[in-house]
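J.: Here it is, the structure, as structure tokens.
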Amino acid sequence: MKPWDELTIRDNYLFKKVLSLNEDLCRRLLERVLGITIAKMDIVQTELGLESDYKAKSVRLDVYAEDDCGRVYDIEMQAADMADDQLFLRTRYYQAMIDQGLLEKGQAYSSLRESYIIFVCAFDPFNLGLRRYTFRNRCDERTELALPDRAVRIFLNAKGTLGEESEDVRGFLGYVNTNTAAGGFAAELAGAVKSFKENSEERGVYMSLAMEIQEYIEKEKNSWRAEGRAEGRAEGHAEGRAEGEAQANRKVAIRLQKLGLGMEQIVEATGLSAEEVRKLCQEK
């Protein structure tokens, strides 16, 4: 994990902590992005786990919120791009899992509420330069006809330069991109980040978590290294030992991905390339 002093708003650990501890900032971020008024945020929860049956893939949302009008929101910080449309397919799965939690047995489909999945991307997910990409289901034959299913998915592009956005939204995206706040809402958010990072108790929690993860990594890698070396000795050549080391790194990468660590942390912990990690995670 990154050293505490190097954490920025682009790190989802800090992003979700700051928004959950500053509910008013979370509310105002949603208001500015969506152009709506929210009188009250009823729930702000980070690391919300959603599960279906035991065979289905579970998900963990960065920041989940509900407002006084019943609208639901999932806000995700995405620092690294994902290969093979994984990011977009992820939003499809998140939508399904969120909807599953909103409708109880016997309820009518009309009970499904408005939902917004918002990914704040530190890269341009579509390479078109827009600051925002908003998706609603529309009819191919009549594109002006939107499907009234109350579901919206938005990708905010921190590197975007095109599209009309409010000063606060532009400032927020600029802050994500450069870690420099130019004023307005971004400056308030930067102030909350600064206060959070100056909190010695929060720093201690993070350092303890980092140590636990590092100890886990070393324990698992040592176990798999031992297995690989034993196989290498039995086979009588260095290639077997090297393969044991590589297999240890691959197993650790898969475990860390399941724990929710980002691509950069997994690459640094295992020594594998980003492409190798993507391939392993897709296979699993």
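J.: With respect to residue 155, determine if the residue is modelled with pLDDT of 95 or more and in contact with an Asp or Glu (Cβ under 6 Å, 6 or more places away or on another chain). If you could, list the steps in order and put the result at the bottom.
T.: Working: modelled with pLDDT of 95 or more: yes; in contact with an Asp or Glu (Cβ under 6 Å, 6 or more places away or on another chain): no.
The answer is no for residue 155.
J.: May I ask you to say which residue of 255, 229, 278, 250 is closer than 17 Å to residue 86 by Cα and either modelled with pLDDT of 75 or more or outside the structural domain of residue 78 (by TED's automatic domain parsing) (or both)? Working first, answer last.
T.: On the way: 255 fails: closer than 17 Å to residue 86 by Cα; 229 fails: closer than 17 Å to residue 86 by Cα; 250 fails: closer than 17 Å to residue 86 by Cα.
After ruling out the rest, the residue left standing is 278.
J.: What strands (runs of 3 or more DSSP E), lying completely within segment 32-117, carry at least 1 residues that are farther than 27 Å from residue 165 by Cβ and modelled with pLDDT under 80?
T.: Working: elements: 41-50, 59-67, 72-78.
It comes to 41-50, 59-67.
J.: In addition: Any residue that is touching a strand residue (DSSP E or B) at 6+ places or on another chain (Cβ under 9 Å), basic (Lys, Arg), closer than 23 Å to residue 159 by Cα and touching a residue at least 60 places away in the same chain (Cβ under 8 Å) - is there at least one of those in segment 16-33?
T.: yes
J.: Does any residue of segment 158-166 turn out to be of a type outside the set (S, T, N, Q), surrounded by 20 or more Cβ atoms within 10 Å (Cβ to Cβ), touching a strand residue (DSSP E or B) at 6+ places or on another chain (Cβ under 8 Å) and assigned by TED's automatic domain parsing to the domain that holds residue 90?
T.: Residues of segment 158-166 of a type outside the set (S, T, N, Q): 158-160, 162-165.
Narrowing further to those that are surrounded by 20 or more Cβ atoms within 10 Å (Cβ to Cβ): 158, 160.
Retained after the next criterion (residues that are touching a strand residue (DSSP E or B) at 6+ places or on another chain (Cβ under 8 Å)): 158, 160.
The next check asks that each one be assigned by TED's automatic domain parsing to the domain that holds residue 90; those that pass are 158, 160.
There is at least one residue in segment 158-166 that is of a type outside the set (S, T, N, Q), surrounded by 20 or more Cβ atoms within 10 Å (Cβ to Cβ), touching a strand residue (DSSP E or B) at 6+ places or on another chain (Cβ under 8 Å) and assigned by TED's automatic domain parsing to the domain that holds residue 90.
J.: If you don't mind, there's one more thing I want to ask. Based on what the data block shows, is residue 201 in a helix (DSSP H, G or I), of a type in the set (Asp, Glu) and touching a helix residue (DSSP H, G or I) at 6+ places or on another chain (Cβ under 9 Å)?
T.: Values: in a helix (DSSP H, G or I): yes; of a type in the set (Asp, Glu): yes; touching a helix residue (DSSP H, G or I) at 6+ places or on another chain (Cβ under 9 Å): no.
Spelling it out, it is not the case that residue 201 is in a helix (DSSP H, G or I), of a type in the set (Asp, Glu) and touching a helix residue (DSSP H, G or I) at 6+ places or on another chain (Cβ under 9 Å).
J.: Within segment 213-226, work out how many residues are within 21 Å of residue 5 (Cβ to Cβ) and either modelled with pLDDT of 85 or more or crowded, with 16+ Cβ neighbours inside 10 Å (or both). Spell out the reasoning first.
T.: First, pick out the residues of segment 213-226 that are within 21 Å of residue 5 (Cβ to Cβ): 213-214.
Next, from what is left, pick out any that are either modelled with pLDDT of 85 or more or crowded, with 16+ Cβ neighbours inside 10 Å (or both): 213.
Of the residues in segment 213-226, 1 are within 21 Å of residue 5 (Cβ to Cβ) and either modelled with pLDDT of 85 or more or crowded, with 16+ Cβ neighbours inside 10 Å (or both).
Residues are listed down the side, and each one gets a yes or a no for (1) under 23 Å from the mean Cα position of the chain (by Cα); (2) surrounded by 13 or more Cβ atoms within 10 Å (Cβ to Cβ):
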| position | (1), (2) |
| --- | --- |
| 130 | yes, yes |
| 143 | no, no |
| 152 | yes, yes |
| 186 | yes, yes |
| 198 | no, no |
| 201 | no, no |
| 208 | yes, no |
| 211 | yes, no |
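J.: Still on this structure, I have one more. Taking into account only those residues within segment 154-184 that are touching a residue at least 60 places away in the same chain (Cβ under 8 Å) and part of a helix (DSSP H, G or I), which is nearest to the chain's Cα centre (by Cα)?
T.: Applying the filter and picking the extreme gives 176.
The values are calculated or read from the model by the stated rules, or taken from the named source; none is laboratory data. Since this is a predicted model, take the numbers as computed values, not measurements. Here the Cβ is made from the backbone with ideal geometry for all residues, glycine too, and neighbour counts use every protein chain on show.
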